[in-house]
Amino acid sequence: MKEEQYKLLVNQIASLIDGERDLIAVMSNVAAAIHQTMGFWWTGFYRVVGDELVLGPFQGPVACMHIHYGKGVCGTAWQREETVIVPDVEQFPGHIACSSESRSEIVVPVFDDNDKVIAVLDIDSAQLATFDDTDRKYLEEICQLITTNK
């Protein structure tokens, strides 16, 4: 069932953002579409601004506004330039607890045309072990759409 939801979501997002050049507008609708369709606790983007991640468009409760390179799950995904799945955030060294309600997390880098990380998609769940390779596959596909839809 989750895979079917993602397949529909990828097609919906591809149509929704087709031709839109404003990255903030794209991130806004992508975050809303993922959040509404999948029912995650928090869904949003952090944009690379200088040497830190700065809060971008999101759906859910208030969040941390600045995350340093290599810090927390988001900063680690940026540093590693790869998706990071955390089944239990309490077990992740250096986890940044923006909320005690977050229990598991997935962070997917967004790359520009030069394979440079320009943002990360951060999704939190209020349950443990929510995310798996199915989430990774489809969220990575969605993140590729963000910068190739122009």
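The values are calculated or read from the model by the stated rules, or taken from the named source; none is laboratory data. Since the model is a prediction, treat every value here as computed from it, not as a measurement. Here the Cβ positions follow ideal geometry from the backbone for every residue, glycine too, while neighbour counts run over all protein chains shown. The area values use the complete protein model at the heavy-atom level, side chains included, leaving out ligands, DNA and RNA. Shrake-Rupley method; radii C 1.70, N 1.55, O 1.52, S 1.80 Å.
Surface calculation, 1.4 Å probe, protein heavy atoms: Phe131 sits at approximately 20 Å² accessible. Ellipsoid fit via the Cα gyration tensor, segment 4-64: semi-axes of 21, 16, 8 Å, each the root of five times an eigenvalue, largest first.
Spin-label model, Asp115 to Gln12: label points 7 Å out along the Cα-to-beta-carbon direction sit 3.3 nm apart.
Sites listed here are trypsin sites (Lys or Arg not before Pro) in segment 1-73 whose DSSP assignment is loop and whose Cβ has at most 15 other Cβ atoms within 10 Å: Arg21. Going by the alpha-carbon gyration tensor, a ≥ b ≥ c the square roots of its eigenvalues, is segment 19-147 rounded (a/c under 1.5) or, if a/c is not under 1.5, prolate (a/b greater than b/c) versus oblate? It is rounded, given that a/c, with a ≥ b ≥ c, falls under 1.5. Return the calculated 222 nm mean residue ellipticity for the chain, to the nearest 500 deg cm²/dmol, obtained by summing -39500 (n - 2.57) across DSSP H runs with n ≥ 4 and dividing by the residue count. So the calculated ellipticity at 222 nm is -12500 deg cm²/dmol. Remark: segment 36-108 carries a charge dipole of roughly 120 debye about the Cα centre, counting +1 on each Lys and Arg Cβ and -1 on each Asp and Glu Cβ.
Of the solvent-accessible surface of the chain, computed with a 1.4 Å probe and all protein chains present, 47% belongs to carbon and sulfur. Rolling a 1.4 angstrom probe over the protein heavy atoms with all chains in place gives segment 1-96 an accessible area of 53 Å² per residue. Projecting the Cα atoms of Pro87, Tyr46, Ala126 onto the charge dipole of the chain, computed from C-beta unit charges around the Cα centre, puts Tyr46 farthest toward the positive end.
Placing +1 on the Cβ of every Lys and Arg and -1 on the Cβ of every Asp and Glu, with no other charges, gives segment 76-146 a dipole of roughly 100 debye about its Cα centre. Placing R0 at 30 angstrom, the Cβ-Cβ distance between Met1 and Asp51 gives a FRET efficiency of 0.15 after rounding to 0.05.
For the chain, a simple Cβ point-charge model (Lys and Arg +1, Asp and Glu -1, everything else neutral) yields a dipole of about 200 debye relative to the Cα centre. Per-residue extension of 0.36 nm, minus the Cα-Cα distance of Ala25 and His66, leaves a gain of 12.7 nm for this segment. Result for the chain in a Gaussian network model with C-alpha springs under 10 Å: among Ala33, Ala129, Ala25, the largest mean-square fluctuation is at Ala25.
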